[in-house]
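K.L.:
One structure follows; several queries about it will come next.
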Amino acid sequence: MSALICEVVYRGIFQKNLASRITRGIVLSARKSGRWGIAFGRYGDSPQRNGVPAKDFAIVADTKEELEQNMARYEPKHVDVTICVDDTLAKGVESWAWYGLQPINRLTLPDGTLLMTSLQPFEDLLRDIHKKDEPYTLAVIRARASFSGLWVYKEDHTEVRILGALAKIAPSFLTLDGVCQAIGEMEWGSELKVASVRKAYERLEARRVQPGEGNPEVPYAFEFPRWWEMREGVTIPAIPIGKPKEGGKGYVPERNPYFKKFSTRTMRPVVDFDTCVKCNLCWIACPDSCFDVMPDGTFDANMEACCGCGVCEAVCPVENCITMVNEAVFEDNASQWDMWRNDKTAYKTWLTDKITNKKATVRSHGFRFRGQYEEEVKTDLDAGGAEITAGIPGENAKHKTI
Ligand code: SF4
Ligand code: SF4
């Protein structure tokens, strides 16, 4: 008796439908492969927010009894396969129900598999993925992470590629033929999708990760107050007033000391302080009070607070002064203003590199204008591929250099 337990880590709202298609596809493929399966979401409410990491699970078992035994648990504590549908989540996961940053491979069992959709080389991914004490396999489907806006679902074959990859990873639970048959019969299946399953099966890349390999940082964590340490009654304190920066100049707003936004964003703003006209618009418009007012009157986006919504880029009146760039190309959350002040020439080089990278790594939180989906499909078909290129930057993109 044995079971295959999979978690699908995705971004609330943006990838909700994608994740449920993956877990449903696992169950239906299991049935076609002569196995039993069940899929369920870990949450029902708050995590389904813009970009916040959330989870679905799927369990496949040899027998009904084995399946029921696994279903009797509230949720799996360990999984055979972690499926991560967005490679920026390689940096770790924070969601509403977890405290602190959890490594993406935290639940992955020894000798289990972490499966990602990514164009990044293994070594770049391992710079972000926290190290583990046991060996595991990092498997990669070479494609862009799939994002769609709110409840719109983008038919870019990500879900079937993942199912094809799973048939390779766990052939005793999901046979390739079983997956193809299930996809062919699903209401959203097609011959083209069956072909994508087979391609993903053939092209899956994998690398063994040894104990200790990966990001050596200790993930951010904090202790919640015990119940006896809490104040009486239901009290929600107002956000305290912030404090000035160096020499009494500038201003740092007070922020939630616990809920950091390290993993809620897929993009982050990069600021060109040399061209900033100090208009305040980014500071006023940011929904998360991210911007520190610096002593010289410019604004520095605090990366502990930024969720990567892109509002600041949209409101900034100066071309290329704020540019949203794929989170995957950053390796820390350091202050950009400090970098700029320390060495303006080096900062210019860094900034130019990051903005240029944007062209190769651009991704979008969703559809920023009516008709974007049709535009992407057409571009893709014109290029002769079934894969849809992800993301077109901010709605004012046509006024800016992409
Ligand atoms: S992207 Fe800009 S507006 Fe959005 S949270 Fe980050 S700093 Fe604030
Ligand atoms: S919106 Fe742009 S120009 Fe205005 S203060 Fe912010 S960064 Fe500077």
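The values are calculated or read from the model by the stated rules, or taken from the named source; none is laboratory data. The structure presented is a predicted model; accordingly, all values stated were derived computationally and were not measured. Using ideal geometry, Cβ is built from the backbone for each residue, glycine included, and neighbour counts are taken over all protein chains shown. Surface accessibility is based on the protein's heavy atoms, side chains included, excluding ligands, DNA and RNA. Shrake-Rupley method; radii C 1.70, N 1.55, O 1.52, S 1.80 Å.
K.L.:
Please list, ordered by first then second residue, the pairs with beta carbon atoms under 6 Å, 6 or more apart or interchain, first in segment 311-324 and more than 7 Å from Pro269 (Cβ to Cβ), second within 8 Å of ligand 1 (Cβ to nearest atom).
P.N.:
Taking only residues 6 or more apart or on different chains, the pairs are Val311/Ala285; Val315/Ala285; Cys316/Cys282; Cys316/Ile322.
K.L.:
Here is a further query. Take Ile22 and tell me if it is β-branched (Val, Ile, Thr) and either out of contact with any helix residue (DSSP H, G or I) (no Cβ under 7 Å at 6 or more places or on another chain) or assigned to a strand (DSSP E or B) (or both). Before the answer, list the steps.
P.N.:
Values: β-branched (Val, Ile, Thr): yes; either out of contact with any helix residue (DSSP H, G or I) (no Cβ under 7 Å at 6 or more places or on another chain) or assigned to a strand (DSSP E or B) (or both): no.
No.
Conditions (1) in contact (Cβ under 8 Å) with a residue 12 or more places away in the chain; (2) under 20 Å from Asn17 (Cα atoms); (3) touching a Lys or Arg at 6+ places or on another chain (Cβ under 8 Å), marked per residue:
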{"site": "Thr82", "(1), (2), (3)": "yes, yes, no"}
{"site": "Leu107", "(1), (2), (3)": "yes, no, yes"}
{"site": "Asp133", "(1), (2), (3)": "yes, no, no"}
{"site": "Gly164", "(1), (2), (3)": "yes, yes, yes"}
{"site": "Arg198", "(1), (2), (3)": "yes, no, no"}
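K.L.:
Now for a different question. Under 8 Å by Cβ, and 6 or more places apart or on different chains, what pairs join a residue from segment 52-67 that is within 30 Å of Thr264 (Cα to Cα) with one that is assigned to a helix (DSSP H, G or I) and open to solvent by 20 Å² or more (accessible area, probe 1.4 Å)?
P.N.:
Going by the 8 Å Cβ cut-off, the qualifying pairs are Ala54/Lys16; Asp56/Ser20; Ala58/Val27; Ile59/Met71; Val60/Val27.
K.L.:
List pairs: first in segment 215-232 and under 30 Å from Glu123 (Cα atoms) and polar (S, T, N, Q), second open to solvent by 60 Å² or more (accessible area, probe 1.4 Å) and at pLDDT 90 or above, Cβ under 7 Å, 6+ apart or cross-chain?
P.N.:
Listed pairs, sorted by first residue: Asn215/Arg127; Asn215/Lys131.
K.L.:
Consider Val271 carefully, then state whether it is of a type in the set (Val, Ile, Thr), within 16 Å of ligand 2 (Cβ to nearest atom) and at pLDDT 85 or above.
P.N.:
Spelling it out, Val271 is indeed of a type in the set (Val, Ile, Thr), within 16 Å of ligand 2 (Cβ to nearest atom) and at pLDDT 85 or above.
K.L.:
Okay, moving on. Within segment 188-216, how many residues are out of contact with any strand residue (DSSP E or B) (no Cβ under 7 Å at 6 or more places or on another chain) and under 21 Å from Gly92 (Cβ atoms)?
P.N.:
Qualifying residue count for the region: 5.
Yes or no, residue by residue, for (1) assigned to a loop (DSSP other than H, G, I, E, B); (2) open to solvent by 30 Å² or more (accessible area, probe 1.4 Å):
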| site | (1), (2) |
| --- | --- |
| Ser29 | no, no |
| Asn70 | no, no |
| Tyr74 | yes, yes |
| Leu109 | no, yes |
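K.L.:
If I ask for residues that are within 15 Å of ligand 2 (Cβ to nearest atom) and surrounded by fewer than 23 Cβ atoms within 10 Å (Cβ to Cβ), which ones from segment 322-335 would you list?
P.N.:
Ser335
K.L.:
Across segment 45-68, which residue is modelled with the lowest pLDDT among those that are open to solvent by 80 Å² or more (accessible area, probe 1.4 Å) and closer than 20 Å to Gln15 by Cβ?
P.N.:
Here is the first cut: in segment 45-68, the ones open to solvent by 80 Å² or more (accessible area, probe 1.4 Å) are 45, 49-50, 64-65, 68.
Those left that are additionally closer than 20 Å to Gln15 by Cβ: 45, 49-50.
Working: Asp45: 50, Arg49: 73, Asn50: 77.
Looking at residues that are open to solvent by 80 Å² or more (accessible area, probe 1.4 Å) and closer than 20 Å to Gln15 by Cβ, I get Asp45.
K.L.:
Looking at segment 276-298, can you tell me whether even one residue there is within 20 Å of Lys354 (Cβ to Cβ), open to solvent by 20 Å² or more (accessible area, probe 1.4 Å) and more than 10 Å from ligand 2 (Cβ to nearest atom)?
P.N.:
No: zero hits.
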